[in-house]
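Below: one structure, written as structure tokens.
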Amino acid sequence: MASLLRQIVAGPRAKHEETGLDLCYVTSKIIATSGPSQTYPQRAYRNPLDRLVSFLDAKHGDGWAIWEFRAEGTGYPDEAVYNRIRHYPWPDHHPPPFRIVPMIMASMRNWLAGGELDGSGVKGKGAEGGNKEAEDSKETETKEPEDKGNNRVVVVHCKAGKGRSGSMACSFLIAERGWKPEDALARFTERRMRPKFGAGVSIPSQLRWISYVDRWTRGGKVYVDRPVEIVEIHVWGLRHGVKVAVEGFAEEGKRIEVVHTFSREERIVVEGDAPGGSGFKEMLSDMAKYGLPEEEESGEVIEDADYEGVVEGKDAKKDGEKNGETPAKSKTIAIPQTDSPMEVHSARLSVATGDDTSQSKSTTNFQDSSSFADPMEPGGQAVIFKPSKPIVIDHGDVNITVERRNRAPASLGLTMVTAVAHVWFNTFFEGNGPEQGGKADNSGVFEIEWDKLDGIRGLSQKGTRACDRLSVVWSVPGTSGDGTSGAVVRDAEGKIITTAAGVTIREPGEDSPVPQMEPANWKGAEKDPVAQKHLGLRAEGPESESVSKASSVKSEDVDEGGDDESLKGVKVSGPLGEDVLD
């Protein structure tokens, strides 16, 4: 019966007839698997932990170790896997805090080289068998180095063994084995997914992080984690009932917290007449279509994120890849020294659009047509979100979230959430840090279109359109007008958070111990209300009435996606890509 349940949950994925395990060998040294469980009911449809351990023992003896990325908890204690486990947890459907990526890469590298599980290497020791990773990919010509641990493998897992696991497996191949990002992503998809079921890594922000890893590697593996201030957010095509918020990581990345939610008083409408806003009638219309994936003009349904599209845009590859360089994602800006807020807004907006020559014209248009947001009209086709107090995040990872709501009649007490989307970016990379010897720009503009935002999963499940595109104007607090830095950032109590110069993080050496993060509660961490975002009806609440025309809401306690959805299209593959594990 348990085996039948696992087959039903797995859907179209292949199963090994004898073990019933869901795992794949990305290479002969990297195994990706869905999160195992030792308790019911999860054990009935997940990888049984004892079977997974028995398989790894039989195949690799004591040469295997687990790297887990589950902020929701592993589902088993460390002792169940002989304490051969490394913890680097972060929330599902998101990229990791970049500062932990060098630790993940170094610890995996050192383990495969024969080092201790604490990440320390084996400098000076000779090879014990000359094992190397399987190199059967025609697209990848990089020769794999010999690993000193004869039968060692790295086992990565998250919930489904796809997004988070795939991101780190591909990152390792790029950073430590010299693979091209496209080849690493193609290999993971080939080994992990059935044909026509999409890419193994499809979430745009996770793909953006993989591009960061590629640039980090080519830039000497130096990362500077600096605080960032969100100066303004510009939104074009903003619909009614839209909430915009800034988020960041907390608790070493295990949790995502809201740093600031913009109120209607913090909106400056540049152009009014926002689409939508027809109340209950529009709510009913949105209810009929909010779950449908976005479609391009051609009518093609977007199911997976394209790496080149996420990293460079549709046309950038044609123009920018000829010389092998990665096009800049962010522009350095100079904040105008003026007392006129509209001149400041127009200058930044012209930078965001790339139209530096039209600054004076934009200023004139703004002064003629813009006004502060009317409480009865919180949206507009072009809106500037200007925080009343500085928004400072003490690290370089930034998440911008967008939600659209339509309120039902008061008697129902419900709000229909018809759009949920977000985007992560890192200011060190958007400020061209790797290309400038680790000295990233102190300010910039990150711009993205609605179609490139993250949905609940991948590009899909964003719901109805909440805006057309947005630009985030950011800067490093404590930097002076001439671009120098050195001031400190303090919290509300005056305590020093960090210096504006940031913290330089380098990949630990081959003979150095590598720290890990504090694990989440293996029995299951409490659900993060920020991470649990869903389309559909929610209970109405008064907490942030000033946020938008539709009331702010509390998310109901609903599990984010079932196991059948998270494992859809997954397959089993062996060390050479075969579908049967002997």
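The values are calculated or read from the model by the stated rules, or taken from the named source; none is laboratory data. It should be emphasised that the depicted structure is a prediction, and the values quoted were computed from it without experimental measurement. Note that each Cβ is placed from the backbone with ideal geometry, even for glycine, and that neighbours are counted across all protein chains shown. Each accessible area value is taken on the protein alone, full model and side chains, heavy atoms only, with ligands, DNA and RNA left out. Shrake-Rupley method; radii C 1.70, N 1.55, O 1.52, S 1.80 Å.
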Worksheet entry | Placed amide H near residue 260: partners under 5 Å, 5+ positions off or other chain | 246
Practice prompt. Would you mind telling me the share, in percent, of accessible area of segment 151-250 contributed by carbon and sulfur at probe 1.4 angstrom?
Written response: 50 percent
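Would you mind calculating the gained length between residue 79 and residue 439 on full extension (0.36 nm times residue separation, minus the Cα-Cα distance), in nm to one decimal? Write down the numbers at each step before the final one.
Numbers: separation 360, 0.36 × 360 = 129.60 nm, distance 4.33 nm.
Roughly 125.3 nm would be gained on extension.
Do any of 159/180; 180/452; 221/389; 221/571 go past 29 Å between their Cα atoms, and which? Kindly include the intermediate steps, with their values, before the conclusion.
Details: 159/180 26 Å; 180/452 22 Å; 221/389 35 Å; 221/571 33 Å.
Checking Cα-Cα distances, 221/389; 221/571 exceed 29 Å.
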Fill in: Among 437-443, 224-230, the order from most to least packed when residues are scored by Cβ within 10 Å on average
224-230, 437-443
Worksheet item: At a probe radius of 1.4 Å, what is the per-residue accessible area of residue 59, in Å² to the nearest 10?
Response: 90 Å²
